[in-house]
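Worksheet: the structure to be examined is printed underneath.
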Amino acid sequence: MEIAVALGGGGVKGNAHIGVMRVLEREGFQVRALAGTSAGGLWGVLFAAGYSADEIEQRFMGLDPDFLYQRKPGDGPAMLGLGGLHQMLEETLGETTFEQLEIPFAVTAVDLDTARPVVLRHGRVRDAILATIAVPGIFPPVMMNGHHLIDGGVLNPVPVDVARWLAPGLPVVAVVLSPPLESWEGADKPRLLNTLPFLANYIGRLRVAQAFNIFMRSVDIAGAKLTELRLEVEKPDVIIRPEVPQIGLLDRVDVHEVARLGEQAAIQALPALRRATSWQGWLARRIGLTGAHRKVALN
């Protein structure tokens, strides 16, 4: 049962990817390609490097958010930095390149200078990860090949097209961390800015912070709408959507609990996963191929 997987972004909601991948491992699905955007890139690269879901969960359970989001000398304009995460990636991945990963893998970013989407799949993977998670205004842009790169979720929240390009003909499973638009009104609202490390104690009640909460909420809404539009166009074979709308971008979370939510969603999707990997699913994909798949801009 071979599949390609597209992992969407969502900050610490990305811990749900651990549970999804754990179920895929346990049920015998063979992931032949992985594409990630933002948080999906961060968790996805570890799977592509050969780490199991249990190993990744243990790794993230031991990380202190205050350590992860430290600024370092030379960081560009942003509220926070990624100094600690950079160190973690150095320790975990070292000089690993995309070509050395066990599973074909790519991440998306956006070129701030040209407003174009970029797919990163060559060179040192830790640099690409820092680019794909560079949430505008929160984390600093990453300079690569003379261009300022930011979070790929700005244009491609769930990179179904990239996963399909990496593994033509295989069913694509999209892991989406935003709620569907029809359930938006009733969904629990994340707390956003007052969850950010270093900030909650002294700016949580300021008007500027409250205004920024409104701004972030509007960005969240735009991202959810873009996600649904992209899913409608790209038509993944299976959508797995963990129930994580209540979690803010950088909340302090119980990693195991968020992973469990991903696991629950993947278990519910098992009938759809098995249909997609059956011969009937293969035939449906062959009939449905139109050649209208999106082109991707390679770095």
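Distance between the 7 Å Cα→Cβ label points at Met1 and Leu112: 4.3 nm. Averaged over its residues, the range 46-151 has an accessible area of 44 Å² per residue, based on protein heavy atoms and a 1.4 Å probe. In the range 138-175, which residues have a backbone nitrogen under 13 Å from the label point lying 7 Å from Arg124's Cα in the Cα-to-Cβ direction? Counting backbone N atoms under 13 Å from the label point, the list is 143-145.
Listed by chain and number, the aspartates and glutamates whose C-alpha is less than 20 Å from the C-alpha of Lys225, apart from same-chain residues fewer than 8 away, are Asp151, Asp161, Glu182, Glu185, Asp188, Glu234, Asp237, Glu243.
In a fully extended conformation the segment linking Glu232 and Glu95 would gain 45.6 nm over its present Cα-Cα distance, using 0.36 nm per residue.
Using a simple spin-label model with pseudo-atoms 7 Å out from Cα toward Cβ, Ile267 and Glu25 lie 1.7 nm apart. Surface composition of the chain: carbon plus sulfur atoms contribute 55% of the solvent-accessible area (1.4 Å probe, protein chains only, all chains present).
Given axes a ≥ b ≥ c from the Cα gyration tensor, I'd like to know whether the range 1-111 is rounded (a/c under 1.5), prolate (a/b larger than b/c) or oblate.
prolate
Comparing Thr132, Thr108, Thr277 in a Gaussian network model of the chain (Cα springs below 10 Å), the most mobile by mean-square fluctuation is Thr277.
Which of (i) 0.99; (ii) 0.89; (iii) 0.94 is the computed Cα Rg over 2.2 N^0.38 Å for the structure on display? It is the value labelled (iii).
The values are calculated or read from the model by the stated rules, or taken from the named source; none is laboratory data. No experiment lies behind these values; they were computed from the predicted model shown. Positions of Cβ are backbone-derived with ideal geometry, glycine not excepted, and every protein chain shown enters the neighbour counts. For accessibility, only protein heavy atoms count, side chains too; no ligands or nucleic acids. Shrake-Rupley method; radii C 1.70, N 1.55, O 1.52, S 1.80 Å.
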